[in-house]
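Each remark here refers to the structure printed beneath this line.
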Amino acid sequence: MIPRIHPAFKLNGHSLNQEGVMIVAYSYIKEGEEWERQIGDFLLSWLDDFDVVTVKTSGSTGTPQEYKLDKQHMINSAVMTGKHFDIGVEKDVLCCLPLSYIAGKMMLVRAMTLGWHLDLVEPSTMPLKKSEKCYDFTAMSPLQVFKSLEHLHKTRKVIIGGGAVSQKLVENLQGKQTRAYHTYGMTETASHIAVRELNPTYEESYTVLENVTIHKDSEGKLVVHAPELTRAPLTTNDLVELIGSNQFKILGRVDDVINTGSVKVHPAQVEERLSHHISELFFISGETDEELGQKVILIIEGKERDLLGAFKKLAKFEVPKKIHFVDKFALTHTGKMDKRVILENLFSDHR
């Protein structure tokens with residue numbers, strides 16, 4: 001399957017048809033930097049005659065895995081995004097995410113499918129700083145948004161994905177001109193399947209996109225039915241609370257649940273409360289304990305300091321039994337905390 005390139009599509013100011021995209025792809029591969037070669041590689045795979053594209057997960061919670069996504073599913077996802085956020089033809093859009101993972105790939109797919117005028121820039125923590133134009137739509141990681149707050153007016157709408165959004169970031173978004181949304185999705189669904197608004201209206205719950213339905217399995221895990229995006233229903237590792245037929249709240253990941261003294265602690269819920277008091281990167285995890293089975297621990301980036309005041313609103317069993325300070329967190333290629341590597345390094349250092 002060779003997808004159609006919308007006649008209005010522009011890349012970095014240049015109108016490109018299929019032949020033009022191929023020329024750009026070869027140029028990126030031959031002469032570009034690493035981030036540009038990733039673009040070239042994807043463009044060539046997008047325009048080959050296979051029906052699937054090979055993509056990989058970020059590896060933020062485990063070993064990266066590869067998936068084969070149907071190109072038609074990716075096109076369907078692009079159409080759903082354009083419709084949901086009302087981003088039509090010839091809109092100015094910025095891609096500042098790496099093309100090595102699905103989020104960056106889908107920005108390019110959306111642009112080629114919907115006829116956007118796309119600017120591609122090297123991924124960085126402050127992608128809007130040097131921009132001289134105002135974009136209609138941008139996708140960014142939580143870290144990029146946090147670092148770009150004073151420049152966020154340069155995009156009218158931003159979707160934030162690839163990780164949790166702290167309460168501090170939500171507070172900093174209030175009053176901004178930019179409409180901000182937090183997305184929920186995964187590689188297997190070719191990007192997001194649900195969205196919650198953060199600014200100007202704040203929503204705690206995600207609402208699924210059109211033609212997506214959800215339910216919980218017997219363990220409380222979210223099951224996604226999205227026939228336009230996946231070949232079969234997808235059971236996630238996310239424990240959820242359903243609100244009506246099309247909304248849900250994330251309680252945490254089933255593989256992250258900490259069983260401490262027979263009490264189950266969901267790290268995501270503890271992290272949300274702590275985010276009001278901790279501005280540094282951090283996360284909650286579990287560590288083997290002879291008496292409790294597991295004990296709650298806090299891993300935080302930066303120099304050691306007193307954090308007792310941050311624990312006031314935590315239940316007794318949620319309060320970390322140990323705090324580990326790490327000078328610098330390892331990050332994945334997508335800018336997310338690489339918890340697996342951080343924990344491996346931490347506990348290898350303590351042996």
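For MET126, the solvent-accessible surface with a 1.4 Å probe is about 60 Å², rounded to the nearest 10. Measuring with a 1.4 angstrom probe and ignoring ligands and nucleic acids, PHE317 comes out at about 90 Å² accessible. Taking semi-axes √(5λ) of the Cα gyration tensor in Å as calculated from this structure, the corresponding entry among (1) 30, 23, 19; (2) 36, 22, 20; (3) 39, 22, 18 is (2). Note on the range 208-308: Lys pairs 8 or more places apart or on different chains, Cα atoms under 21 Å apart, count 6.
Histogrammed with a bin width of 10 Å, the alpha carbon distances of the range 244-351 distribute as 13, 45, 34, 7, 1 percent, first bin at zero. Ordered by solvent-accessible area of protein heavy atoms (1.4 Å probe), largest first, the residues PHE9, PHE325 come out as PHE325, PHE9.
Close amide H partners of ASN199, meaning residues 5 or more places away or on another chain with modelled amide H under 5 Å apart, are ALA180. When the chain is treated as a GNM with alpha-carbon contacts under 10 Å, the residue of SER262, SER77, SER45 showing the greatest mean-square fluctuation is SER262.
Taking 18 Å as the straight-line reach from the Cα of LYS130, the aspartates and glutamates in range (excluding those fewer than 8 positions away in the same chain) are ASP92, ASP119, GLU122, GLU150. Solvent exposure of the chain, expressed per residue, is 49 Å² of accessible area, with all protein chains present and a 1.4 angstrom probe. Once backbone amide H atoms are built at 1.01 Å from N, GLN294 has GLY261, ASP289 as its partners under 5 Å, excluding neighbours fewer than 5 places away on the same chain. In the chain, the DSSP-assigned H stretches of four residues or longer account for a calculated mean residue ellipticity at 222 nm of -7500 deg cm²/dmol, using -39500 (n - 2.57) per stretch and the full residue count as denominator.
The values are calculated or read from the model by the stated rules, or taken from the named source; none is laboratory data. This one's a predicted model, so the numbers in the text were calculated from it and none came from an experiment. Surface accessibility is based on the protein's heavy atoms, side chains included, excluding ligands, DNA and RNA. Shrake-Rupley method; radii C 1.70, N 1.55, O 1.52, S 1.80 Å.
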